[in-house]
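No value in this document is a laboratory result; all are computed from the given coordinates. Source: prediction; values computed, not measured. Here Cβ is always computed from backbone atoms with ideal geometry, including for glycine, and neighbour counts include all displayed protein chains.
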Amino acid sequence: MNALTYFWRRGYGRTLIGTLFVLAYLFPVYWMVATSLKTRGAIFATPPQVATKELLPYLPYGHEVVLAGFAHVETFWSEQPEAGSRLINTFLGSGRVDDSLYQPMSIQFTPEVTQTGYAKRIAAAMVGLALLAVLSLMWMARRALQQAAFGGKTSALLRTLHPLVLGVGGWFLGELVVMTAIPGVPLDDEPLVVLSMSLPIGLGIYFAGIRRGASVSTRIVGFAAAIGGALVGGWLGFNATAGFVAIATTLVGAALGANLSVILLDIARDRSVHDRFVETNAKTTLNARSEISAKGAWS
């Protein structure tokens, strides 16, 4: 059996021939579609002259159709669909350009909702959430300075739900500062996202979990644990995925990291206190037994 016979019996030859037939059928269709330029007359960033000068010379069978008053691709498919069907079907069927059904579109330069209005609403929401995050942190810090610890339910809510406000508000605050000072930094820049979200989350969880009457050293260790855990968790969350989804995973990672660090620190502290308590009781018991033995010996 030679190589050609083996190639054919294995089915590779029939697959190759079928592929060639499909390509032979699709190529003329692709060529006609690719050489039919539909440019929109209402796009000022890329006017029709750009396609005429830079693209049309490379399409030997190309035709350019300028649709007056049309904007983006969505308007081509949504506005005057009968005219669009006539244009496409005629070109695919005969290679002729028939735009006779198209009517010029009127452009509304004073719409009810503008992009400037959208931008103002988004900016107002960003400033509002950033201000809410800052004010809530100031309120929690004031309670911590007054040695007024939160109750169990309040502390749990502040450590589970409040990080959403702190993370998003902190990110918005960082974005506003960076867009003003360094406009070239992208919105999903890793240091910007991790720092702006993790730091306020770590502070909030530290303030929510601090105990009444805690010593200065205990407060310093708790602060370091909460901030460090938030930064590590935020960094891991950001690198767990890609794109803007990484912003959500950064928030979740920072909250989990800070809470886990504080919980482990509390467990270690409670165990240390328990060990000291057991040791003290043991010493007290031994001393009491020694005194009793001594009294029995002298009696």
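Toward the positive end of the charge dipole of region 42-123, with +1 on the Cβ of Lys and Arg and -1 on the Cβ of Asp and Glu, the farthest Cα among Gly117, His72, Pro104 is that of Gly117. Residues in region 222-230 carry Karplus couplings, in order, of x, 4, 5, 5, 5, 5, x, x, 5 Hz; the curve used is 6.51 cos²θ - 1.76 cosθ + 1.60 with θ = phi - 60°, and Gly or Pro positions show x. Legend: calculated FRET efficiency, Ile122 to Ala248, from the Cβ-Cβ distance at R0 = 22 Å, rounded to 0.05, equals 0.75. Computed across region 115-287, the Kirkwood hydrodynamic radius from all distinct Cα-Cα pairs reaches 17.4 Å. Highest mean packing first, where packing is the average number of other Cβ atoms within 10 Å per residue, the peptides 51-63, 170-182 line up as 170-182, 51-63.
When the trypsin sites (Lys or Arg not before Pro) in region 184-263 are filtered for DSSP coil states and for at most 16 other beta-carbon atoms within 10 Å of their beta-carbon, the remaining sites are Arg211, Arg212.
Extension gain, Ser94-Ala181: 0.36 nm per intervening residue step, less the Cα-Cα distance, totals 25.6 nm. Extension gain, Ile267 to Val221, is 15.2 nm, computed as 0.36 nm per intervening residue step minus the present C-alpha separation.
May I ask for the net charge around Gly174, where only other residues with Cβ less than 13 Å from the Cβ of Gly174 are counted and Lys, Arg are +1 while Asp, Glu are -1? The answer is -4. Compute the distance from the alpha-carbon center of region 51-69 to that of region 107-142, in whole Å. After rounding, the separation between the Cα centres reads 43 Å.
Only the Cβ atoms of Lys and Arg (+1) and of Asp and Glu (-1) were treated as charged; on that basis the dipole of region 115-287 about its Cα centre amounts to roughly 720 debye.
Of the chymotrypsin sites (Phe, Trp or Tyr not before Pro) found in region 94-139, those that fall in a DSSP loop while having at most 14 other beta-carbon atoms within 10 Å are Phe109.
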